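S.K.: First the structure, which I've put down as structure tokens, then a few questions once you've had a look.
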Amino acid sequence: MTIAHRMRNYMERASWIRKMFEEGARLKSLHGAENVFDFSLGNPNVPPPPSVKEKLQAIIDKPDGSIHSYMPNAGLPATRERLAEYLSREHGVPLTADHVVMTCGAAGALNIVLKALLDPGDEVVVPAPFFVEYGFYAENHGGVLRTVPTQSDFKLDLDALEAAIGLKTKVVLINSPNNPTGQIYDADSLKALGEILRRKSRLAGRAIFLVSDEPYRKIVYTDDPVPSVFQAYENSLVVTSFSKDLSLPGERIGYAVLHPEARDGQAVMGAMVLANRILGFVNAPALMQWILPDLLEESVDVGIYRAKRDRLYGALKEAGYDLIEPPGAFYLFPRSPVADDVAFVRILQEENILAVPGSGFGGPGHFRLAYCVDDRTIEGALPGFARALEKARKA
Ligand SMILES: Cc1ncc(COP(=O)(O)O)c(C=O)c1O
């Protein structure tokens, strides 16, 4: 075997995504791309705010060639300083540049955090359904993913979490607003989780870290801001990116920020900065770091996503699907009308609709629709969604 056994196993695990992608390409070549309704990818379709282009142009025209240089592995000091000021307001704790590491997206941030914290065999407890890459990221650093069910509306099940967090737990990893469910965890449940983690940390004789993955923090349809884990628990980190809120996923820019009162905070920061280097990221992309300080208050037009959510959610509900109205992100996670979600995704494909089975996210019996798509795609798919439900009921 030329490639590593573990990679062969990973490639098999990841292959259903490839199969979906291939099936989408086949349907598009057969029926024309405009007749295939692709809800399978969380690739933002709302353009970045115009100021992104303006700032990029201005920085490119700067005569100083050092904009392309290597920099400290944590990122540009001035960018981290501005971000720390902004995040102190957003999360309600006093942060400095020394609490912030710039990263290659939220994915890069998750990997440096897990590299910094995990010893072989340490458990990463994750409420399910969850972002499909978490399992790979935990294993990248010797960790073991342990999933815990959520309630029927995908809110945290605190009893189940309490039962799952044990002596082997090093990290509890949550994602709010959530991919794939769009659910947001409220402040009370985060506070209760913080209490559980304090108790469990005492029992374990070491700090259990709460990591909150938040790339959808600004993509919300509620009046209240997304509650911060920093208000709930001191041994916590936030990881995020500008992939969704500025529609810049290809630019690979994000950060990790540590609670100022975290246990052994300096060592954790030092480990994350070194991890950025030795995982081969070295530093987050320079051009993005130069322009970010002027973009922190900006975001894509969330009203566009809200209109898409309202239309698709309303139409599916009316057609008879069972689903929650998600308060954030750009995904719906309806219950599959047949127990086998993969079988139902095939029925949807017969209607030229591409969705992802919930099993892929640890949420069997559901399917995920990413509604960051053209309105034409949503409108064109509605009759097919209704027919697929009829077919499933007759099956
Ligand atoms: C929940 C979640 N976390 C992390 C990521 C990775 O984000 P990035 O592209 O910024 O690395 C994604 C991307 O879809 C996501 O949905």
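The values are calculated or read from the model by the stated rules, or taken from the named source; none is laboratory data. In this text the structure is predicted, and so the values were computed from the model without any measurement. A quick note on method: Cβ atoms are made from the backbone with ideal geometry, for glycine too, and the neighbour counts reach across all protein chains shown. For the accessible areas, the whole protein counts, side chains as well, though only heavy atoms, and no ligand, DNA or RNA atoms are used. Shrake-Rupley method; radii C 1.70, N 1.55, O 1.52, S 1.80 Å.
S.K.: Name the residues whose placed amide hydrogens come within less than 5 Å of the amide hydrogen of Val211, ignoring near sequence neighbours (fewer than 5 apart) on the same chain.
M.R.: Val172, Leu173, Ile174, Leu237
S.K.: Could I ask something else about it? Which residue, Pro293, Pro326, Pro225, has the most motion in a Gaussian network model of the chain that connects Cα atoms within less than 10 Å?
M.R.: Pro225
S.K.: Let me ask something else. With the other protein chains left in place, how much accessible area per residue, in square angstrom, belongs to the chain at a 1.4 angstrom probe? Mind showing how you got there, number by number?
M.R.: Working: 17110 Å² over 395 residues.
On a per-residue basis, the chain sits at 43 Å².
S.K.: Sticking with this structure for a sec: For the range 70-294, with all protein chains present and a 1.4 Å probe, just round the carbon and sulfur fraction of the accessible area to a whole percent.
M.R.: It is 51 percent, rounded to a whole number.
S.K.: Considering only C-alpha atoms, what is the centroid distance from the range 360-375 to the range 82-105, in Å?
M.R.: Comparing the Cα centres of the range 360-375 and the range 82-105, I get a distance of 31 Å.
S.K.: Share of antiparallel DSSP beta bridges in the range 184-306, in percent to the nearest 5?
M.R.: Working: 5 of 9 bridges.
Of those bridges, close to 55 percent are antiparallel.
S.K.: While we're here: Counting other Cβ atoms within 10 Å, which GluC sites (Glu not before Pro) in the range 1-91 have at most 16 and lie in a DSSP loop? It would help to have the intermediate numbers written out before the result.
M.R.: Values: sites: Glu12, Glu22, Glu23, Glu34, Glu54, Glu81, Glu85, Glu90; in loops: none.
Answer in residue order: no site qualifies.
S.K.: Quick one: 3J(HN,Hα) in Hz for the range 144-152, Karplus 6.51/-1.76/1.60 with θ = phi - 60°, rounded, Gly and Pro as x.
M.R.: Going residue by residue, I get 10, 7, 10, 9, 10, x, 9, 6, 5 Hz, with x marking Gly and Pro.
S.K.: Checking a compactness column here: for the range 81-156, what do you get for Rg(Cα) / (2.2 N^0.38 Å), N being the number of residues?
M.R.: Values: Rg = 15.1 Å, N = 76, 2.2 N^0.38 = 11.4 Å.
Ratio of Rg to 2.2 N^0.38 Å for the range 81-156: 1.33.
S.K.: Please check: in the Gaussian network model of the chain (C-alpha springs, under 10 Å), which one of Glu297, Glu162, Glu325 has the largest mean-square fluctuation.
M.R.: For the chain, modelled as a Gaussian network with Cα springs under 10 Å, the answer is Glu297.
S.K.: Using Stokes-Einstein with the Kirkwood hydrodynamic radius over Cα pairs, what translational diffusion coefficient do you get for the range 188-318 at 20 °C and a viscosity of 1.002 mPa s, in µm²/s rounded to a whole number? Mind dumping the intermediate values first?
M.R.: Values: Rh = 17.3 Å.
Roughly 124 µm²/s, to the nearest whole number.
S.K.: Also: So what's the range 70-294 giving for Rg/Rh, alpha carbon basis, Kirkwood Rh from the mean inverse pair distance?
M.R.: Values: Rg = 16.1 Å, Rh = 17.3 Å.
Result: Rg/Rh = 0.93.
S.K.: Separate question: Given Cα pairs under 8 Å that are at least 6 residues apart, what percent is the relative contact order of the range 70-294? Show your work: numbers first, answer last.
M.R.: Details: 445 pairs, mean separation 63.0, N = 225.
Contact order relative to length: 28 percent.
S.K.: If you don't mind, there's one more thing I want to ask. If you count the DSSP beta bridges with both ends in the range 70-294, what percent of them are antiparallel, to the nearest 5?
M.R.: Working: 9 of 27 bridges.
Just about 35 percent of them are antiparallel.
S.K.: Out of residues 5 or more away from Leu145 or on other chains, whose amide H comes under 5 Å of its own, with H placed 1.01 Å from N in the peptide plane?
M.R.: Here the answer is Val124, since their amide H atoms fall under 5 Å of that of Leu145.
S.K.: For the range 262-345, take the alpha-carbon Rg, divide it by the Kirkwood Rh, and send me Rg/Rh.
M.R.: Taking Rh as the inverse mean 1/r over Cα pairs, Rg/Rh reads 1.21.
S.K.: Counting only C-alpha contacts under 8 Å and six or more residues apart, can you give the relative contact order of the chain as a whole percent? Walk me through the numbers on the way to the answer.
M.R.: On the way: 741 pairs, mean separation 91.4, N = 395.
Relative contact order here is 23 percent.
S.K.: Rounded to the nearest Å, what's the spacing between the alpha carbon centres of the range 319-341 and the range 199-256? Just the number, please.
M.R.: The two parts, judged by their Cα centres, are 24 Å apart.
S.K.: For the range 30-168, treating each Cα as an identical point scatterer without solvent, what Debye log10 I(q)/I(0) comes out at q = 0.18, 0.22 1/Å?
M.R.: The computed values of log10 I(q)/I(0) come out as -1.24, -1.31.
S.K.: With both bridge residues required to lie in the chain, what share of the DSSP beta bridges run antiparallel, to the nearest 5%? Please list the in-between numbers first.
M.R.: Working: 15 of 35 bridges.
Looking only at bridges with both residues in the chain, the antiparallel portion is about 45 percent.
S.K.: Averaged over every viewing direction, what's the projected area of the C-alpha convex hull for the chain? Give it in nm², one decimal, please. Intermediate results must be reported in sequence, preceding the final value.
M.R.: Values: hull surface 82.3 nm².
Averaged projected hull area, Cα only: 20.6 nm².
S.K.: Then there's this: In the range 156-198, which trypsin sites (Lys or Arg not before Pro) are in a loop and have at most 16 other Cβ atoms within 10 Å, using DSSP for the loop call? Walk me through the intermediate numbers first.
M.R.: Numbers: sites: Lys168, Lys170, Lys191, Arg198; in loops: Lys168.
Sparse-neighbourhood loop trypsin sites (Lys or Arg not before Pro): Lys168.
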